[in-house]
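Just dropping this structure here.
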Amino acid sequence: MTPLKTRRAALRDLEMLVAHRRGMWFDMGYKNKAELEAADKVYRRWAKPRLKSGKLIGFIVEADGRVAGSGCLWLKPVQPVPVPSRPGFKGGGQPYLLSMYTEHPFRGKGVATKIVKESVRWAKAKGFPRMTLHASDMGKSIYEKLGFKQTWEMKLELKPKRNR
Ligand SMILES: CC(C)(COP(=O)(O)OP(=O)(O)OC[C@H]1O[C@@H](n2cnc3c(N)ncnc32)[C@H](O)[C@@H]1OP(=O)(O)O)[C@@H](O)C(=O)NCCC(=O)NCCS
């Protein structure tokens, strides 16, 4: 395999990013084709303007002349909170890592690790105080090795009432 190379995603990479996101859900156990297709559509519509405006930053790793994997940082709006390294943090965009996916033939070769490192480097260089993400079972150990810590977010599924 040739050495891994990283580049930033451009708008022309949108379809590949959508396909990688679908691959991520599929490998995480979401197998319903209709639901995946609906999710592709809304993700494409969500990602496009953000890629254009720079609120979504894609990192693509290539090897052997082809795409091996990708991941994206979304500058997620957050409320002001105490940040020890940034007293008086006013809130605003906080980098959130999403849509991490490595093509099957390239798994276990450090592709995802490279994407995470690159995105951390990017966020640090821009002066952001922290980064967050939600880890899949497959991704967890990669993030832990790179210093990410478990937090205590809680969740309640709000099921719509059925019409009678
Ligand atoms: C998770 C994923 C992105 C890892 O990509 P990768 O390029 O193979 O990862 P790396 O080669 O950088 O790192 C491999 C490490 O991840 C872990 N790992 C990778 N694939 C794994 C798997 N299938 N099951 C469990 N752990 C796995 C291993 O701990 C491995 O550590 P090691 O280097 O000590 O062996 C890839 O398996 C994938 O696309 N999975 C499906 C989508 C997904 O879960 N995305 C993450 C969402 S948070």
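Coordinate-derived values only; no laboratory data. The shown structure was predicted, so the numbers you read here are calculated from the model rather than taken from an experiment. As a convention, Cβ positions derive from the backbone with ideal geometry for all residues, glycine included, and neighbour counts pool all protein chains shown.
Given that compact globular proteins tend to follow 2.2 N^0.38 Å, what is the ratio of the alpha-carbon Rg of segment 5-145 to that value?
On the way: Rg = 15.4 Å, N = 141, 2.2 N^0.38 = 14.4 Å.
Normalised Cα radius of gyration, segment 5-145: 1.07.
Stokes-Einstein D for segment 13-61 at 25 °C, 0.890 mPa s, Kirkwood Rh over Cα pairs, in µm²/s?
Roughly 217 µm²/s, to the nearest whole number.
Given charges of +1 on the Cβ of Lys and Arg and -1 on the Cβ of Asp and Glu, with all other atoms neutral, how large is the dipole of the chain about its Cα centre, in debye to the nearest 20? Don't skip to the answer; put the middle values down first.
Details: 35 positive and 14 negative charges, 122 e Å.
Charge dipole of the chain: 580 debye, to the nearest 20.
A follow-up question, please. With label points built 7 Å along Cα→Cβ from the Cα atoms of L158 and R66, find their separation and express it in nm.
It is 4.3 nm.
Return the FRET efficiency for the residue pair M138, S85: r is the Cβ-Cβ distance, R0 is 41 Å, and the value is rounded to the nearest 0.05. Numbers along the way, then the final one.
Working: r = 30 Å, r/R0 = 0.74.
E(calc), rounded to 0.05, equals 0.85.
If the reach is capped at under 19 angstrom between alpha carbons, list the aspartates and glutamates near K149, excluding any in the same chain fewer than eight residues apart.
E118, D137
Could you work out which residue, out of P49, P80, P95, moves most in a Gaussian network model of the chain, that is, has the largest mean-square fluctuation with Cα springs under 10 Å?
Looking only at P49, P80, P95, the largest GNM fluctuation is found for P80.
Suppose we keep just the alpha-carbon trace of segment 35-106; what are its Rg and Dmax in angstrom?
15.8, 47
Using DSSP to define loop residues, name the chymotrypsin sites (Phe, Trp or Tyr not before Pro) in segment 10-60 whose beta-carbon has at most 14 other beta-carbon atoms within 10 Å.
Numbers: sites: W25, F26, Y30, Y43, W46, F59; in loops: Y30.
Hits after loop and neighbour filter: Y30.
Next question. Based on the mean of other Cβ atoms within 10 Å per residue, sort peptides 67-73, 10-16 so the most packed one is first. If you can, show how the numbers build up before the last one.
Values: 67-73: 26.0, 10-16: 12.6.
Ranking the peptides 67-73, 10-16 by packing returns 67-73, 10-16.
What pairs in K41/K140; K126/K159; K52/K90 have C-alpha atoms more than 29 Å from each other? Don't skip to the end; give the middle numbers.
Numbers: K41/K140 27 Å; K126/K159 39 Å; K52/K90 25 Å.
Over 29 Å Cα-Cα: K126/K159.
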